[in-house]
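The values are calculated or read from the model by the stated rules, or taken from the named source; none is laboratory data. What you see is a predicted model; the values in this text were computed from it and never measured. Note: ideal-geometry Cβ built from the backbone for every residue, glycine included; neighbour counts use all protein chains shown.
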Amino acid sequence: MDIADYARQFAYDEWANREVVGTMQSTGADERSLALLAHILSAERLWLERIKQQTQSSPVWPKASLENCAAQIEEMGRLWREYLSGIAEEELGHAISYRNSKGELWTSSVSDILTHIILHSTYHRGQIASHMRVGGNTPAYTDFIHAMRQGFVK
């Protein structure tokens, strides 16, 4: 994938996260779903900080309100747009060394990290959908192809 592909994936991710917040705001958010959404956003921030070789600014599993999550979605969308618009294509192959939450040292390419972030967020949005269904609510429809077909993401 190239930078334009990643930019489109992150635009989808931001849209999908906004859809989840909107559904939670209208139907109510159970504790586990809110925890998962806060984790998605914290992990996205954590990975951006790792790529930029910055100190981790928040826990992997933070406590957050729905309003805080909504604000973080907008902020993270902006931060990812800025990051992706400011790098060169060859930087996707750069190796980033970091310590995971267990303190283990790892090295991954920027490209692999970006792919992981999108897949990680999608995985947890699926968990949120399951929790919402168990609670008797209809979850947000966040399928990638739906976003493309409807023109929510270009």
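Within the range 108-122, restricting attention to residues that are of a type in the set (Ser, Thr, Tyr) and under 10 Å from the mean Cα position of the chain (by Cα), which residue is surrounded by the fewest Cβ atoms within 10 Å (Cβ to Cβ)?
It comes out as Thr122.
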Task: Every residue from the range 92-107 that is out of contact with any Ser or Thr (no Cβ under 9 Å at 6 or more places or on another chain) and surrounded by 11 or more Cβ atoms within 10 Å (Cβ to Cβ) - done: Arg99, Asn100, Ser101
TODO: Give the range 57-82 a look and list any residue that's among the basic types (Lys, Arg) and either within 26 Å of Ala95 (Cβ to Cβ) or buried (at least 20 other Cβ atoms within 10 Å of the Cβ) (or both), or say none.
DONE: Arg81
- [ ] May I ask you to verify whether Ser109 is over 25 Å from Val20 (Cβ atoms) and either small (Gly, Ala, Ser) or touching a residue at least 40 places away in the same chain (Cβ under 8 Å) (or both)?
- [x] yes
TODO: Working carefully through the options Ser101, Ser97, Ser108, Ser65, find the one that is of a type outside the set (D, E, K, R) and closer than 30 Å to Gly28 by Cα.
DONE: Ser65
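One line per residue, one yes/no per condition, for (1) in a loop (DSSP other than H, G, I, E, B); (2) among the basic types (Lys, Arg); (3) in contact with a helix residue (DSSP H, G or I) (Cβ under 9 Å, 6 or more places away or on another chain):
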position: Glu91; (1), (2), (3): no, no, yes
position: Leu114; (1), (2), (3): no, no, yes
position: Leu119; (1), (2), (3): no, no, no
position: Ala140; (1), (2), (3): yes, no, yes
Open item on the list: Taking the conditions exactly as written (of a type in the set (Lys, Arg), more than 21 Å from Ser58 (Cα to Cα), out of contact with any strand residue (DSSP E or B) (no Cβ under 9 Å at 6 or more places or on another chain) and modelled with pLDDT under 95), does Lys154 satisfy them or not?
Closed with: yes
Open item on the list: For the range 14-51, give me the residue count where each residue is hydroxyl-bearing (Ser, Thr, Tyr) and under 13 Å from Ala70 (Cβ atoms).
Closed with: 2
TODO: Considering only the range 87-103, state which residues are over 26 Å from His39 (Cα atoms), out of contact with any strand residue (DSSP E or B) (no Cβ under 9 Å at 6 or more places or on another chain) and among the small types (Gly, Ala, Ser).
DONE: Ala88
Task: Candidate set from the range 123-137 (those that are touching a residue at least 24 places away in the same chain (Cβ under 8 Å) and not small (Gly, Ala, Ser)); member that is surrounded by the fewest Cβ atoms within 10 Å (Cβ to Cβ) - done: Gln127
Open item on the list: Out of everything in the range 19-56 that is among the acidic types (Asp, Glu) and closer than 29 Å to Gly86 by Cα, what residue ends up being surrounded by the most Cβ atoms within 10 Å (Cβ to Cβ)?
Closed with: Glu44
